[in-house]
Each structure stands twice: as structure tokens, then as C-alpha cells.
Amino acid sequence: MDDALQNQSQSPGAVGPLRPIFALGAPLIGFYLIQTAINVATVGMLGRLGDAAIAGVGAGSAIFTAICALLWGVDTGVQAVVSRTTGAGRAERIAEVLAGAYTGAIPLAAVVAAGAWALGPKLVALVLPDHAAAAAGGAWIAAAAPSIVFLALTLPINAAWIGSGRPAFAMAVTLLSAPVQIALTMLLVLGGGPMRGLGAVGSAMAMDATMLGAVGVQFALALRFIPGFLRARPRGLIEIAAIGWPIGTQQSLLQWALMGIFAIIAQLGAAPAAIASVLVTLTNAPGQIETGFAVAAATLVGQALGGGDAALARGWGWRTTLVAIVVTAPMGLALMLAPQALLSAFLRDPATLAMALGPGRIAGFATAIGAPAAVLGFAFRGAGATKIAAVVPFASLWLVQLPLTAWVGLGLHAGLTGIVWVQAAVVAVDGLALAALWSGSAWTRVRIDSAAAQALLPTTLRRIAIMGGAGAGKSTLARRLGDELGLPVIHLDRLAYGPGWARRGSDAMSAGLAPLLEDSWIVDGTYGEASSLTLPAADLVLWLEQPVWLRLFRAWRKTRVHRGRPRADRPDGCEEAFGWRYAAMVFRFGAWTQERAAQMATAAGQVRRVRGDRAVVRLVEEVARTQSARS
């Protein structure tokens, strides 16, 4: 991929088409707002039971969300892989990706659900000093545990719909299930007719039943619209895990930190805990709208990178952020300017309502400025740069917000008002940090090649040249592809050197190589005189890139492990030794440069830069699939 393209950027104010943002974002926003409506209705019903019920379910939900966050990495990984493969024209892989996701997600969910059922009530009791609130929250989380398994069944499919540009499917299922869940919640929480209400635990049972029904609907849709669903072989689990684990880990740690913040608030009493739960519910609507735009940004960024266009990917991130700000900032301002009108629908106690007005105004301000952090965090996910998306919120939450919450709220006796001010400051800093990172080029350099690598392999794979620096893994990949394709492997080191590492002249090396290139071959090595013969004839040229430290280690290990032993890629009569000159050569040579790009322009076939071991594994899998399909 041309470095000039990678370094292109768009300013935050760049204007471009908005229709794809709304085409993807509107169904997603509808999907998330329906979920918000369910939460609002549930909290409204619990409000009739008093502050203890609201605080208890709030604490139980915080713990439940922290537990479920372990599965969100699967969602992120599936969406990133599906969006990139869709952008590269490989939609037939969706069933394989889902099969791979289920291979890891279902066993994990079963273990997590058992842990939630056994330990959840004890965690609620640790968080809430109020006994009535702890009892309500403990009963709720134990009853909600089965939903974790149902979540593991629906999350990958929802991610596949979104990643492939069909979020309306996810919204349709939620639209069908929402009224059912609200009706069941009302019946099970408050009772009706001859049925007696079950209180807080009833809302968890309603969620279980609704999610089970949603699983059936999702599977029916997937069987109809995803070819090979439930029949495809699992593939891509490693890729999904590699992309998703930073987000799964970060989201889990984030939710545990939020639970810690809730525990700090609970130390102030049941009323502040109830206010915190209501504020979370009220800010959920703009937050979910931001999430809808954010997921749209992730899909558009991933598809742009799948097509090899880093500049377009950057532009989608900026434009979606601006749209989210325009849509959600007024909602935050409404809470900031008129908190009593909104809070009174949930808080029935006059003293509790009066206590909530100040924190409500601050929470409205935080909501008004929250879009950049939400949207750009997801944009990095869509790019596959999940470590960037994970580090900023993790550092700000654990290293700044959580300690400051305890110090300001309890140590300085600033109470809930001080705690919400801390949250607003963290939201602002997160947005600025992610915007600065999105303006840079590191994420495009890291991800553009792995995305571009999704391009289809050449129709003919009879001549392959593998190049790169020492220790990059050229010989190993050559042997693997040779076994897979049944092609002879030519190691250039054996032609370039005689006994005792005596360097042969260019003419002698070319004369020895030319007869070997008359038929099919895989050539391993990076020599200028050989490139003039291999590049114009190769169907596929691979440039392997690895970090310098890894190439150094592998070069050193090769000289130790194979000392005194014959090796297919080493010239006869030569013994390798690792010294300063060899190390300096590894440092100097192996990176992709403009000169290297100009040299590759002479290649007749496809040129791929393959970065990292995971990309090598994906390449071999792709070759195996292609070979199997053609045989």
C-alpha cells in the first residue's frame, strides 16, 4: 500500500456524504433507543417500589454488565472481521466467522453465567450497605444469570448484521421483543389480575424470557439470510480473539470500575445510589444514540480499510463524530437546563428529588460533550486498532476517575455532586485524547495492510516470491506454502553462497537461478539480482514484516537451535553465527521503504505486505481455502 495514501488525512471539519452514516446509524439508533425505552420503563416500574428497589437493581445491573463485558470482545471482533471481509467482497465468510465466534463464546458464557448466579448476590451485598437494597439487587442478578448464555448466542449475529451493513435486522428483532419485555416486566414486577407481583426479581425474569425468544428469531433470520449458517466450519476464532480481547478486557475492567464508582456512591446512602441509577437511565438515550452513530462509524471505517482507503476511513470517523455531536448535544442540554422535569418522573421522594437537581445539571453537561469519546473509540475498533481504543478509557477510568471519585466524593465530602463533576472532566479529556490520536497516522499504518490483505488471491498461484528481512519467517512460510500448493521451494541463500559463506557473484547466482524458474516455484530470499528474474514472473509477491526485536530474537535463536544441524535453507558447508554485524544488518534491513515500493512496482502479479504472525496464519488459511475450492 502506497505510504502517501496512508499519510493522507482529513480535517475534522471536512465535509462529505452523510447518507451512509444515517443509513447505518438510524437502524442502530432505533435498536439502542428501544433498549433504552425498556430500561426507562423498568426503572419507572421499580420507582413505585421505592429507593431501595432502584438502588438494588442499579447495583445488580452494574455487576451484571461488568460480567457480561467479557463477551463484548466477541461482538467487536466479529464486527471488525465481517466489515473488513464485506468491504473486500468476501461476504461468504460470514458463516465461518460466526461459527468461529460461537466456538469461543458459548463455553465462556456458560462459565460466566454460573459465576454470576453463585457470586452475584454476594457482590451486590458488598457494594450496597443498605440491607433492603442489597436483597433486591442480589435476587435480581441471580435471576438474570441465564441471560448471559442467551447474550452469547445473539451478540455475534447482531455484530454480523451490523458489520455487513444490515443493522435493520438487529433493530427488527429488538422492535419485536421490546413490547413483550415491557409487558412481561409490568406483569412480573407489579402483578396484574390474579397474579401477584414479584418485585425487582420479576424484571430479571422478564429479560430472560424475552432474550430466549430473541435467540429463536435471530437464528431463523440467520438461517434465511446468511448462507451456510450453522453448517460452516469454524474459522477466524484467533482473528476475532486477537481483535476483540483488548475491548473485552477493557470493557470488563471499565464496568468493574464503574461498579466501584457505584459502590463509592452507595456509601453516601440509598438516596444517592437511587439518584445515580436514575441519571444513568436518563443519559442512556443520548448515550445510545452516540453508540448507534459510533457503531456506524466502526462499520464504515472497517469497510473503507477493507477497500484499502485510509483517507476515506479517517473521514468517516470525523464526519460521524460531528453528526453525533449535533444530534445528542441538545439532549444533554435539556437535562442541564430542566433537570426537575425529567427527574421527577422517577424520584417520588421530594428530598431525594431536591438532592438530584445539581448532579442532574452536571450530568447533562457531560452528556452534551460526550460524543467524541464514544464515536472515535468505536472508530478505532472498526479499524482493528482495538488497543488504542482500550488504553485511553482504561487509563482515564482506573488511574484518574476511580481514585478521584473516592477522594472528591468521600475524602473531600463533595458528595454526589463532586463525583459527577469528576465524570464530566474525564469525558472531556477522553474525547480530546482520542481526537488527537485519530488525527495521527499510526492506526492507518498498522491496519491498512491487514485490511488490504483481504483482497482475493490471484487466479493462478504457480509462482510465488517471498521477501523480507532476516528473521521475518520467509523460509518457514515458503515451506508451508510449498506443502499446501505442491510447489518446489527455492532458497536463494543456497545459490548466493558457497562453503564458508563465500559470496558468489551476481552473474553466477543468476545463472544458477534462471533454469529453476522455468516452471512453477516458490522463491525465498531478498536479493537484487534474483528480484529482476522473479518479480516480472511471479503471480504473487509477499513482503514479510515483523518487529525488529522479534526478528533479532529469531535470528539469534536460529543460530543456536540449528547449530551443527543441516537445514534446507542454509548453504552446504556454512555455519551460522550471531554477532554484531549480523544484528546490525537485521536493524538496517527489513522495513518497507519508498525504494522497496518502487521495486515492487515491477512485479507482474499481486504484491502483499504481510505484517505479523497472525497475518501469516490468515494468508496460509486463505491459500488453503482457495486451493480447496479450485481442486
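For segment 124-199, just say rounded, prolate or oblate: build the C-alpha gyration tensor, square-root its eigenvalues into a ≥ b ≥ c, call rounded for a/c under 1.5, and beyond that prolate if a/b exceeds b/c, oblate if not.
Details: a/c = 3.43, a/b = 1.59, b/c = 2.15.
Cα axes put segment 124-199 in the oblate bin.
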query: In deg cm²/dmol and to the nearest 500, what is the mean residue ellipticity at 222 nm of the chain if only DSSP H runs of at least 4 residues count, each as -39500 (n - 2.57), divided by the residue total?
result: -23500 deg cm²/dmol
Sequence ranges 91-101, 366-376, ranked by mean other-Cβ count within 10 angstrom, highest first: 366-376, 91-101
- prompt: For the chain, what is Rg from Cα atoms divided by 2.2 N^0.38 Å, rounded to two decimals?
  reply: 1.11
task: Compute the length gained on full extension between Ala624 and Arg361: take 0.36 nm times their separation in residues and subtract their Cα-Cα distance, giving the result in nm to one decimal.
output: 88.8 nm
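As a test of reading the structure, rank Asp130, Asp572 by solvent-accessible area (1.4 Å probe, protein chains only), most first. The partial results should precede the final answer.
Working: Asp130 60, Asp572 105 Å².
My answer, sorted largest first, is Asp572, Asp130.
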Whole-percent carbon and sulfur share, accessible surface of the chain, 1.4 Å: 66
query: Would you list Leu412, Leu33 from the most to the least accessible area, probe 1.4 Å?
result: Leu412, Leu33
query: Which cross-chain or sequence-distant (5 or more) residues have an amide H under 5 Å from the amide H of Trp521, H modelled 1.01 Å from N in plane?
result: Arg463, Ile464
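Starting from the Cα-Cα distance between Ala502 and Trp407, subtract it from 0.36 nm times their residue separation and give me the gain in nm to one decimal. Let's see the in-between values first.
Values: separation 95, 0.36 × 95 = 34.20 nm, distance 6.97 nm.
The Ala502-Trp407 span can extend by a further 27.2 nm.
By per-residue mean of other Cβ atoms within 10 Å, what is the highest-first order of 349-358, 147-156, 320-329?
On the way: 349-358: 16.0, 147-156: 22.6, 320-329: 21.1.
Sorting 349-358, 147-156, 320-329 by mean packing, highest first, produces 147-156, 320-329, 349-358.
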- prompt: To the nearest 0.05, what FRET efficiency results for Arg19 and Phe587 with a Förster distance of 51 Å applied to their C-beta separation?
  reply: 0.55
query: Can you work out ³J(HN,Hα) from phi for every residue in segment 98-105, in order, using Karplus 6.51 cos²θ - 1.76 cosθ + 1.60 and θ = phi - 60°, giving whole Hz and x for Gly and Pro?
result: 5, 4, x, 5, 5, 4, x, 6
- line: Karplus ³J(HN,Hα) for segment 154-167 (6.51 cos²θ - 1.76 cosθ + 1.60, θ = phi - 60°; Hz, whole; x = Gly/Pro) runs 9, 4, x, 5, 4, 4, 5, 4, 5, x, 8, x, 10, x
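Where a ≥ b ≥ c are the square roots of the eigenvalues of the C-alpha gyration tensor, would you call segment 191-273 rounded, which needs a/c under 1.5, or, failing that, prolate if a/b is larger than b/c, or oblate? Please list the in-between numbers first.
Numbers: a/c = 5.39, a/b = 1.29, b/c = 4.18.
Here segment 191-273 falls in the oblate category.
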query: So what J values fall out for segment 414-430 if you push phi through Karplus, 6.51 cos²θ - 1.76 cosθ + 1.60 with θ = phi - 60°, rounded to Hz, Gly and Pro as x?
result: 7, x, 5, 4, x, 5, 5, 4, 4, 4, 4, 5, 5, 4, 5, 5, 4
task: Leaving out ligands and nucleic acids, note down the accessible area per residue over segment 234-369 with a 1.4 angstrom probe, in whole Å².
output: 32
field: Built amide H within the under 5 Å cut-off of Gly191, gap 5+
entry: Gly197, Leu198
- prompt: How large is the accessible surface per residue of segment 50-198, computed with a 1.4 Å probe and reported in Å² as a whole number?
  reply: 34
field: Cα gyration tensor shape for segment 455-550, rounded if a/c is under 1.5, else prolate or oblate
entry: oblate
task: Mind listing the long-range amide H neighbours of Tyr497? Cut-off is under 5 Å, sequence gap 5 or more, other chains count too, H placed in the peptide plane at 1.01 Å from N.
output: Arg504
Spatially proximal lysines relative to Lys474 (Cα-Cα < 26 Å; intrachain offsets below 8 disregarded): Lys558
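The values are calculated or read from the model by the stated rules, or taken from the named source; none is laboratory data. Treat the numbers as computed from the prediction; the structure is a model and nothing was measured. Here Cβ is always computed from backbone atoms with ideal geometry, including for glycine, and neighbour counts include all displayed protein chains. With ligands, DNA and RNA removed, areas are computed over all heavy atoms of the protein, side chains included. Shrake-Rupley method; radii C 1.70, N 1.55, O 1.52, S 1.80 Å.
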